[in-house]
1. Determine, from the Cβ-Cβ distance of L148 and R8 and an R0 of 35 Å, the FRET efficiency 1/(1 + (r/R0)^6), rounded to the nearest 0.05.
2. So what's the Cα pair-distance distribution over the stretch 23-163, bin width 5 Å, in %?
3. 7 Å from Cα along Cα→Cβ at both R140 and T32: what's the point-to-point distance in nm?
4. Along Cα→Cβ, 7 Å out, is where each label goes; now give me the distance between the ones at D39 and R104 in nm to one decimal.
5. How much length would be gained if the chain were fully extended between A161 and E118, taking 0.36 nm per residue of separation minus their Cα-Cα distance, in nm to one decimal?
6. Obtain the nm distance between the two label points defined at A50 and D89 by a simple spin-label model: each point lies 7 Å from its Cα along the Cα-to-C-beta direction.
7. Which order, highest average first, do 70-79, 47-56 follow once you tally other Cβ atoms within 10 Å for each residue and take the mean per peptide?
Amino acid sequence: MSPARRKREFFSARNLDDLPDEAKGAKVENVTITGFKTDEERDSLRRGSALVARHMKTASFDFEDTGMHIGIFEWAAGLSTPLHSHSDDCVYYVERGSLLMGNREIGPGEGFLTRKNEPYAFVVGPDGARIIEFTTGPRRDVTFHDRLMTAWEERMQQAVAKIEGQGDGR
């Protein structure tokens with residue numbers, strides 16, 4: 001008896017606005033978030049994340065029988081992530097736009113690997129960015145290492161003000 005053939009699965013993320021609801025957004029229902037020393041840090045992350053979400057689109061595709069996951073993220077210019085790590089290895093590919101990690105710019109056709117529990121952060125370049133994330137399953141744990149979460153929140157307030165045309169972002 002031959003093994004059962006698995007069905008080929010197709011997906012599209014050409015336009016994140018046109019996706020079915022089950023594909024929109026990052027899957028966070030089973031994610032554990034840790035690393036905060038104070039409630040104020042956690043609150044700053046929540047407020048800053050709410051600002052970022054206004055100018056970010058996400059899609060998530062899980063292939064449970066294979067353990068693979070793909071996330072697609074579209075970020076507006078000037079947004080950033082706080083220093084954080086994940087409980088799994090993640091490969092990121094920049095499809096368009098750019099990211100700045102430290103003093104390195106990562107542009108279209110380039111990418112990077114972050115190892116399990118390796119802290120990283122990035123700032124989105126002047127033209128925004130569309131990045132594709134590959135993992136071996138939906139994310140389970142995110143740990144925040146940024147000890148200046150309130151400063152990150154302030155930077156996101158400035159970035160969003162600039163995006164929304166409310167001054168120069170200062």
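Nothing in this text is a laboratory measurement; each read-out follows from the coordinates by a stated rule. Since this is a predicted model, take the numbers as computed values, not measurements. Please note: Cβ atoms are built from the backbone with ideal geometry, for glycine as well, and neighbour counts cover all protein chains shown.
1. Computed FRET efficiency for L148 and R8: 0.15.
2. 2, 10, 18, 24, 24, 15, 5, 1, 0
3. About 0.9 nm, to one decimal.
4. The modelled label-to-label distance comes out at 4.0 nm.
5. 12.4 nm
6. Spacing of the two 7 Å Cα→Cβ label points: 3.8 nm.
7. Result, highest mean Cβ count within 10 Å first: 70-79, 47-56.
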